[in-house]
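Report on one structure; see the data block that follows.
The values are calculated or read from the model by the stated rules, or taken from the named source; none is laboratory data. Only a predicted model underlies this, so the values are computations on that prediction, with no experimental measurement involved. When we count neighbours, we look across all protein chains shown, and the Cβ atoms used for this are built from the backbone with ideal geometry, even at glycine. The accessibility values were calculated without ligands, DNA or RNA, using every heavy atom of the protein model including side chains. Shrake-Rupley method; radii C 1.70, N 1.55, O 1.52, S 1.80 Å.
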Amino acid sequence: MAPRKAVDQELSREAIIDVAHQLFVDQGFQAVSMRMIARELGYSHGAIYYHFKNKADLFYAMIEQDFAMINQELAQLDKLELSREEKLKELLLGFIRFGLTYPNHYEVMFIMNDKELQHYTTNAPEQSYQQFAQAVAALTNQQIEIKKIWSVFLMLHGFVAHYCRIGHSFQEVEELAMSHVDMILGIIYKD
C-alpha cells in the first residue's frame, strides 16, 4: 500500500465530484471505485466515505449539482435586458456553451449509458428539460409545439455531443455554434 501524502487542506465534496466526473467519463461508472477516486485525490477511501455513503450516492450528488448548474444558467435569462428573440438565441447558445465548457458534466448528465445509473438520472434530466421547454415556450409566446421544442433540444444535444466527443471547446467552435443556433431559430420562426 502506498503511503498517504500529507494533506494540505480538507477534502471537499466539490473536489471529489470533479475527480469522479473525469474518471466516470474516462473509464465508465462500473470500472471506477471509491478507492480509485480517493487514490486520484491522494486521500484514503475513508475520506471519500465521510462525504458520500457509496458510489451511487456520489453519482446522485454529482447529477444534482450538474443539473443545478445548467438550471441556474437558464434562470439567468430572466435577468438579461434583451428582446424575447435575443433571449431565445442566448438560451440556445447558452446550452451549447455549457456543454462544451463542462464536457465531463455534460457527458455524465446526458450521454453516459449505464443501466445502474438510469435510476439516478431519471428526474433531474426531465426537470431540466421541462425548465428548458418552458423557457422556449415563454420566449416564443407559446407559439411553438412541444414536439418542436423537443426537436430543438435534440438539435442542440447533437451539436454538443459531437464536439464533446472530439474534444473541442466552445471557443474553438463558437462561430459554428452561432450558425447552428441561427439555423434553429430559422426553423422556430418559420411557422
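In table form, for the structure just shown:
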{"read-out": "Unit Cα scatterers, Debye sum, the chain: log10 I(q)/I(0) for q = 0.08, 0.14 Å⁻¹", "value": "-0.32, -0.83"}
{"read-out": "Most fluctuating residue given options 74, 93, 11, as computed from a GNM of the chain linking Cα atoms under 10 Å", "value": "11"}
{"read-out": "Equivalent ellipsoid semi-axes, segment 51-114, via Cα gyration tensor eigenvalues times 5, rooted, Å", "value": "29, 13, 7"}
{"read-out": "GNM flexibility winner over the chain from 57, 66, 78 (Cα, springs under 10 Å)", "value": "78"}
{"read-out": "Share of carbon and sulfur in the accessible heavy-atom surface of the chain [1.4 Å probe, %]", "value": "50 percent"}
{"read-out": "Residue-wise HN-Hα coupling along segment 152-158, computed from phi with Karplus coefficients 6.51, -1.76, 1.60 (Hz; x: Gly, Pro)", "value": "4, 4, 5, 5, 5, 4, x"}
{"read-out": "Efficiency of FRET from Cβ geometry, residue 126 and residue 84, R₀ 22 Å, rounded to 0.05", "value": "0.30"}
{"read-out": "Estimated [θ] at 222 nm from DSSP helical runs (n ≥ 4, -39500 (n - 2.57)) normalised by residues in the chain, nearest 500", "value": "-23500 deg cm²/dmol"}
{"read-out": "About the Cα centre, charge dipole magnitude for the chain (Lys/Arg +1, Asp/Glu -1 at Cβ), debye", "value": "500 debye"}
{"read-out": "Accessible area per residue, Å², segment 44-154 with all protein chains present, probe 1.4 Å", "value": "53 Å²"}
{"read-out": "For segment 47-160, projected area of the alpha-carbon convex hull averaged over all directions, nm²", "value": "8.0 nm²"}
{"read-out": "Mean separation of Cα contacts under 8 Å, 6 or more apart, over the residue count of the chain: relative contact order %", "value": "23 percent"}
